[in-house]
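The values are calculated or read from the model by the stated rules, or taken from the named source; none is laboratory data. This one's a predicted model, so the numbers in the text were calculated from it and none came from an experiment. Here Cβ is always computed from backbone atoms with ideal geometry, including for glycine, and neighbour counts include all displayed protein chains.
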Amino acid sequence: MTRSLVATGNAAGASASVNVETVAASLLVLAHAGAAQTVTGELTDPATGRSVTVSAPWRARRSVLAAAVGKQMARLGAVTAIRVDHGDGPHVLVTGADVTPSADAALLAGRVDRALGAADNVPVGAIDLHGEEDLRIVAAAHRPGRAPGDSVPALVRAQALARPQATAIEEATRSVSYADLVAAADRYAGVLRAAGVASGDVVAVGLPRRAELVVTLLAVWSLRAAFLPVDPGHPRARLDTLLDTADARFAVLTDPQAVTRPGCRVVAPPDGDPLPAAAPLPVEATSAGDPPTGDDLAYAMSTSGSTGRPKVVGVSHAALAHCVATFADLLAPGTVAGTTALTFDISLLELFLPLATGGRLLLVDDATRRDPARLGGYLSAARPDLIQATPSGWRLLLPHLSGDLAGRTLLCGGEAVTADLAARLVDTGATVWNVYGPTEATIWCTAQRLDRPVPDPVPIGAPLPGTVAVVRGRDGRPVPVGQVGELHVGGPQLAVGYLGDADRTAEVFRDDEYRTGDLCAWRPDGTLSYHGRADNQVKIRGHRIELEEIETYAERHPAVNQAAAVVVSAAEDDQRLVLYVRTGGDGPTVTDAALREHLAASLPTALLPQRIVALPELPLTPSQKVDRRALREAATAHIHRRAGSEETPS
């Protein structure tokens with residue numbers, strides 16, 4: 001599409017054939033779309049291939065940018081056209097005062113027109129490039145959500161009343177009916193009540209993957225308490241910090257010695273085989289108390305924290321119920337494979353989507369789920385209707401699944417998925433969804449059904465019904481379609497905030513939106529694309545990791561003066577966590593083994609670095625900040641070297 005634009009004239013010294021104002025406006029539009037730190041780009045004469053670079057700060061007036069463009073164009077001599085490029089995105093060909101964008105023609109041409117209409121003395125960063133088409137695309141991407149309904153435990157009870165003898169949970173060696181599940185949950189609720197658990201309490205839960213785990217979660221809900229998933233294998237200091245942050249006064253664990261926090265009472269888990277009582281009470285007579293309300297806390301989920309303490313996200317029953325109901329409408333689940341550890345919030349969709357809809361939970365034990373070959377064979381034989389995994393998990397599992405998955409549904413999320421992996425999932429014949437969502441927005445909040453050909457990068461989809469998505473620029477204003485900014489989400493699945501951390505909650509939960517820290521852009525089709533992080537948070541094999549948390553614990557060692565953690569890719573499905581530490585001076589020295597032991601005392605395995613490098617000084621940027629790019633380059637170089645001494649980044 002070629003668009004003719006009226007301009008005010010050329011700057012002195014430039015060719016009269018190409019309108020400088022139009023070139024400057026095109027450069028501004030492309031830099032906006034790329035969320036660049038400065039208005040920078042390349043101007044090329046298509047006839048000769050000669051090019052020049054232009055750069056100006058966002059605070060520069062429009063007239064200053066035009067003058068800078070004109071000065072550089074003069075170096076090219078007489079030209080009949082200029083190609084304007086910024087990074088790897090689309091380009092704009094300017095001929096005279098006409099513009100021909102290489103992609104999204106109507107959107108980009110309209111923005112060039114709006115840029116040309118701004119006053120000469122306006123800072124280019126303050127020019128609003130939004131148009132009616134941008135507003136239409138974003139509005140059309142949003143769909144109304146469900147009206148508030150029953151909580152998840154109420155839905156499970158309703159299924160037990162409607163179909164009491166139907167199988168609720170299937171394990172490798174036994175099955176549990178809905179009636180037996182609810183009756184066992186109510187019996188165990190009596191145990192918890194006798195231990196002192198009451199409405200509003202937080203109960204830590206860390207149990208093997210058997211039906212008794214689900215019994216415990218339902219029992220906690222029966223008392224209008226919330227559960228906090230924990231991994232008893234984590235260091236005791238880590239567990240105690242987590243329980244303290246969530247103010248968990250009770251814990252249900254098989255090992256009573258796993259928790260040492262004062263004031264936290266460990267309650268024995270439900271009895272195992274046989275799960276049902278000899279004569280279970282009718283479901284109607286076993287309700288443990290008033291059902292939870294939508295505002296009650298359903299669960300608390302820990303995530304890595306940048307301050308050295310884990311963050312604990314609180315999620316209400318209303319938020320969880322909305323997520324489960326939305327996916328019930330989207331997928332018609334049937335039998336769902338429960339393969340994810342309880343400490344990942346996506347596990348809750350696996351557990352309660354089938355139970356809330358009258359389906360069957362195929363609960364996979366820990367030994368099986370941790371062995372890709374064994375898990376693949378088990379799922380191929382059991383043939384559940386829905387399987388969910390992270391991209392890292394799918395890479396390990398796919399080779400062990402039967403080739404034809406027609407009629408099955410696969411969810412892929414938790415980290416960015418490559419187009420290659422997405423295509424392999426689609427080629428199984430299954431229905432494949434790429435899903436996205438931070439813990440603070442209750443499991444998943446966008447979804448994209450994938451088909452051949454798979455776009456690259458793979459979109460994370462449109463907001464799920466009821467979810468509000470806003471992509472905002474550095475100034476907090478919504479950005480036009482195609483421009484990268486920080487994704488903010490809102491709607492009925494928004495978490496209540498961080499337990500025990502009002503300041504952090506106020507910082508990222510504002511005006512009914514959560515600042516995800518993820519860089520995204522609207523696509524012209526109304527879906528979102530993912531472009532990395534705005535901070536130092538990373539994901540490795542689905543684990544959400546704040547690099548600052550690792551650095552904080554490292555710097556608590558008396559021999560470490562400064563620490564910086566980076567993540568590098570050894571292969572497409574192999575990310576490595578590398579920790580650089582500055583030692584030296586007159587203080588004590590530290591060995592690799594000693595520092596690893598120090599970290600392992602406080603951090604879970606997922607946060608432990610694969611490699612530790614001691615340097616006399618960490619590289620700094622001109623602004624005297626740690627040069628993480630130099631550290632990543634050094635770590636990458638080490639990975640690809642066959643042999644050599646420890647590198648020192650420049």
- request: Specify the residue that is nearest to residue 160 (Cα to Cα); the eligible residues are those in segment 234-267 that are touching a residue at least 40 places away in the same chain (Cβ under 8 Å) and part of a loop (DSSP other than H, G, I, E, B).
  value: 254
Candidate set: segment 19-67, residues that are free of Cβ contacts under 8 Å to residues at least 40 places away in the same chain and of a type in the set (A, V, I, L, M); chosen: the one surrounded by the most Cβ atoms within 10 Å (Cβ to Cβ): 54
- request: Return yes when residue 584 is at pLDDT below 75, under 21 Å from residue 556 (Cα atoms) and out of contact with any Leu (no Cβ under 6 Å at 6 or more places or on another chain) and no when it is not.
  value: yes
- request: Can you tell me which residue within segment 127-174, out of those that are free of Cβ contacts under 8 Å to residues at least 40 places away in the same chain and surrounded by 13 or more Cβ atoms within 10 Å (Cβ to Cβ), is farthest from the chain's Cα centre (by Cα)?
  value: 158
query: All but one of (1) over 19 Å from residue 482 (Cα atoms); (2) in contact with a strand residue (DSSP E or B) (Cβ under 7 Å, 6 or more places away or on another chain); (3) at pLDDT below 90 hold for residue 54; which doesn't?
result: (3)
field: Filter result for residue 379 (under 28 Å from residue 178 (Cα atoms) and either touching a Phe, Trp or Tyr at 6+ places or on another chain (Cβ under 6 Å) or aliphatic (A, V, I, L, M) (or both))
entry: yes
- request: Search segment 328-364 for residues being charged (D, E, K, R) and in contact (Cβ under 8 Å) with a residue 60 or more places away in the chain, and hand back the single one that is surrounded by the most Cβ atoms within 10 Å (Cβ to Cβ).
  value: 345
message: Suppose the filter is surrounded by fewer than 20 Cβ atoms within 10 Å (Cβ to Cβ), within 30 Å of residue 294 (Cα to Cα) and either charged (D, E, K, R) or modelled with pLDDT of 95 or more (or both); does residue 504 pass it?
response: yes
message: Filter segment 327-353 down to the residues that are closer than 22 Å to residue 216 by Cβ, touching an Asp or Glu at 6+ places or on another chain (Cβ under 9 Å) and in a helix (DSSP H, G or I) and list them by number.
response: none
- prompt: Only one residue in 120, 85, 98 is closer than 30 Å to residue 138 by Cα, under 40 Å from the mean Cα position of the chain (by Cα) and of a type outside the set (Lys, Arg). Which one?
  reply: 85
query: Which ones in segment 442-473 are free of Cβ contacts under 8 Å to residues at least 24 places away in the same chain and within 30 Å of residue 125 (Cβ to Cβ)?
result: 472
- request: Please work out which one of (1) touching a Leu at 6+ places or on another chain (Cβ under 9 Å); (2) crowded, with 22+ Cβ neighbours inside 10 Å is the condition residue 239 fails and give its number.
  value: (1)
